[in-house]
1. Exactly one of these conditions fails for residue 213: (1) in contact (Cβ under 8 Å) with a residue 60 or more places away in the chain; (2) farther than 23 Å from residue 56 by Cβ; (3) in contact with a Ser or Thr (Cβ under 7 Å, 6 or more places away or on another chain). Give me its number.
2. For region 121-156, enumerate the residues that are under 25 Å from residue 214 (Cα atoms), part of a helix (DSSP H, G or I) and either modelled with pLDDT under 95 or open to solvent by 60 Å² or more (accessible area, probe 1.4 Å) (or both).
3. Taking the criterion of being β-branched (Val, Ile, Thr) and away from the ligand (no atom under 16 Å from the Cβ), would at least one residue in region 131-146 satisfy it?
4. May I ask you to list the residues in region 73-87 that are away from the ligand (no atom under 15 Å from the Cβ) and farther than 18 Å from residue 104 by Cβ?
5. Limited to region 182-204, what total is found for residues that are out of contact with any His (no Cβ under 9 Å at 6 or more places or on another chain) and in contact (Cβ under 8 Å) with a residue 40 or more places away in the chain?
6. Hey, which of the strands (runs of 3 or more DSSP E) in region 157-253, taking only ones fully inside, have at least 1 residues that are over 16 Å from residue 35 (Cβ atoms), open to solvent by less than 30 Å² (accessible area, probe 1.4 Å) and among the small types (Gly, Ala, Ser)?
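The values are calculated or read from the model by the stated rules, or taken from the named source; none is laboratory data. Please read all numbers here as calculations on a predicted model, not as lab measurements. Cβ sites come from the backbone with ideal geometry, for glycine too, and all protein chains shown count toward neighbours. Ligands, DNA and RNA are stripped out before the accessible areas are found, and what is left, the full protein with its side chains, is counted by its heavy atoms. Shrake-Rupley method; radii C 1.70, N 1.55, O 1.52, S 1.80 Å.
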Amino acid sequence: MCAPEHFTVAYAINPWMDPTAPVDAELAGKQWERLRETLVGLGHTVHLLAPQPGLPDMVYAANGAFTVDGVAYGSRFAYPQRAAEAAAHRAFYLGGGWRYAEPTSTNEGEGDFAYLPGAHGGLILAGYGFRTAPSAHAEAQEVLGRPVVSLRLIDPRFYHLDTALAALDDGNIAYYPDAFSASSRRVLRQLFPDAVVADEEDARAFGLNLVGDGRHVVLNAEASGLASRLAAAGYSPVPVELSELKKGGGSVKCCVAELRP
Ligand code: ARG
């Protein structure tokens with residue numbers, strides 16, 4: 001995770017960002033800290049990346065890389081405003097003994113890649129349409145040695161895969177079908193017949209931008225409908241308030257880069 005010390009909405013690169021709307025920086029910091037404490041309280045280890053001035057979106061740490069089995073596939077951001085973030089993530093992985101694969105294709109890390117270790121022996125789901133280039137899906141498959149399933153995103157509000165789909169545990173997902181093309185919806189139905197299906201309200205509340213650890217599902221408090229659906233499916237929803245970071249177009253998952261050593 002990376003503290004929102006320099007967080008602000010200074011430019012608009014997704015439909016949620018409005019540079020004229022006020023952001024409460026202090027509240028953003030408190031909400032982020034609460035998220036960090038929640039994850040630690042659930043027994044997870046949180047490593048921190050040093051925030052850098054001039055990189056207001058650096059708080060969305062999920063976009064810096066995608067890791068599977070000790071290999072980090074690096075990011076190459078779609079917009080120049082965020083390009084410099086990649087180097088900070090790269091330094092983190094190289095300093096921590098990971099194998100780091102330099103990307104040649106545009107991709108925004110865990111924003112557009114999800115990993116299901118228990119589905120079909122280890123499956124990568126990958127989104128394209130707004131940020132990550134389809135060629136990055138093939139590159140990720142070569143680098144990580146796991147099958148990659150390409151999914152086309154069609155709604156600009158859900159511009160990253162992690163705004164429309166989430167891994168709940170090792171083998172199951174939650175997703176909002178209308179964020180995907182008809183063919184991609186069919187693929188998801190075929191692969192995950194038992195998925196938790198979210199509606200538009202859940203998705204608009206950033207409910208799918210969640211972190212699941214197999215049992216607990218940490219998600220945006222505004223997504224109360226999805227929280228009930230998850231509870232009915234046997235998960236334990238853990239709601240957190242992240243109203244300020246939502247103004248940048250992200251929530252829980254965007255703030256967390258999951259490490260799969
Ligand atoms: N303002 C950031 C952007 O548009 C938000 C990134 C959200 N991150 C995510 N993993 N969906 O790039």
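1. So the condition that residue 213 fails would be (3).
2. Passing the criteria: only 141.
3. Yes, region 131-146 contains a residue that is β-branched (Val, Ile, Thr) and away from the ligand (no atom under 16 Å from the Cβ).
4. Within region 73-87, no residue meets the criteria.
5. 3
6. Strands (runs of 3 or more DSSP E) meeting the threshold: 165-167, 173-175.
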